[in-house]
Amino acid sequence: MSGPTGRPPAPLPGTRAERAGRLARALAGLAGDAARAWLGGGGELPPGAVAHLADALGELRGAALKLGQLLALQGSALPPALAEALALLEERSHQMPPAQLERVLRRDLGEAGLARLAELDPEPLAAASIGQVHGAVSCEGRDLVLKVQYPGVARAIDADVDNLALLLRSLGLLPAFAAGDWPDALKRELRREADYRREARESERFGHWLQGDPDLYVPGVLEELSTRRVLATERVRGLPLEDLRSPTHPDARRDRLGAALLRLVLRELLELRCVQTDPNPANYLYDPKRDRIALLDFGAVQRLTRAESAAWRDLVGAAVAREPGSLVRAARVLGLCGDPDDAAVARLRALAETAAAPLRHRGVYDFAASDLPARVRARAGELWSTGPAPPVGALLVARRLGGTFLLLAHIGARVDARAIWEQVA
């Protein structure tokens, strides 16, 4: 049996010693002087060098992928070798074979829990950075998905991040702006995502909050089959969100659901004060039977204080209205700028006002026809390439805001974003 990308499954390391051993063997492929010279110089890589680097990062999969996300948020170009290796890592499937999967489930659910499953598909529906997802059917006939954490991931977070920092620094692949306290921020984010009980609580919170929404839906959690390392939820059989771009869907549907997604993120930010910070399209499914979008993943929820939520309201509002004084005051509350006379303040204003263009536009904004994502990335690169990195929490919220605009572009939505902002704010 092969994994989702055709790679045969192999037992994943479950202890720190096993993970360190595999990492050491993967690093052996990078030990040559020529490979190091090419990687450090950022030029064209010798044959096999990127694959060796991807193998090394594969043993640190969760840490490596999360670092790539955090670096990409700042709009900075990754060193070519690192960008290529991370792209290769995204394509590769780290998959537990059926015997290891069964051992993990037995350890967490016990014999009684396993006995409640009438069917379990050993082929994963998806493989993510710290776990994989399987289809299942309960003895009562409920259609489920089980999110199962890779063995040893939670215990190895600190060691994995430290090894990742050492690896990238030794190869000259860690951008200077990512130095400092990024390892601690990376560890915090991974610990949050590795706690499936926390994710279950957040899922239930969002489900209750959105109850009755005609356009959005959160699948229910099956608590009796959920633990810290296993999360059982109702299965939604739907289509990838990008399917909405197909001409088989009417424009009115795309626009309505796009408006629902934009309204959702603004309400999370200003009303619920809990923001799901991962706008990956794979975290959404279109349910054609009920003509709505299912929200699937709540591992990366960022909670905001009242002061932070108010500062985001002020920041976005000031960017929409082009009020520089109010924008800088709100940005300072969020830690996005320091001295008002700093040269970076002008670049921050340019970034915020560019990103707020859809909310400033009067009438329907065509997200698919806009080059907004490219302009925002360029502005972000100008800002963060010359100054200290901003707080990770603020970056993650910004990622969700910008990522929602990208989602609307993916599905071809045309939305009166200004009207939604005025309604919510």
Taking R0 as 41 Å and r as the Cβ-Cβ distance between A87 and R237, the FRET efficiency 1/(1 + (r/R0)^6), rounded to the nearest 0.05, comes to 0.85
Calculated from backbone phi, Karplus (6.51, -1.76, 1.60) coupling profile of segment 225-232 in Hz, x at Gly/Pro: 10, 10, 9, 5, 10, 9, 10, 9
Once the piece of chain linking A425 and A115 is laid out straight, how much longer is it, given 0.36 nm per residue of separation minus the C-alpha distance between them? 106.7 nm
Starting from 0.36 nm per residue, how many nanometres of slack lie between H208 and E223 once their C-alpha separation is accounted for? 3.9 nm
Counting other C-beta atoms within 10 Å, which of R106, R205, R229 has the fewest, and how do the rest follow? R106, R205, R229
Sequence of I411, I420 once ranked by neighbouring C-beta atoms within 10 Å, starting from the fewest: I420, I411
Sorting H52, H361 on the 10 Å Cβ count, fewest up front, what's the list? H361, H52
Derived scalar couplings ³J(HN,Hα) [segment 215-220; Karplus, 6.51 cos²θ - 1.76 cosθ + 1.60; whole Hz; x for Gly, Pro]: 10, 10, 8, 10, x, x
Give the aspartates and glutamates reachable from K187 as a straight Cα distance under 15 Å; neighbours fewer than 8 places away on the same chain don't count. D158, D160, D162, D195
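Quick note: the coordinates plus some simple rules give every number you see, no bench work behind them. What you are looking at is a predicted structure, and each value in this text was computed from that prediction instead of being measured. Methodologically, a virtual Cβ is constructed for each residue, glycine included, from the backbone with ideal geometry; neighbour enumeration extends over all protein chains shown.
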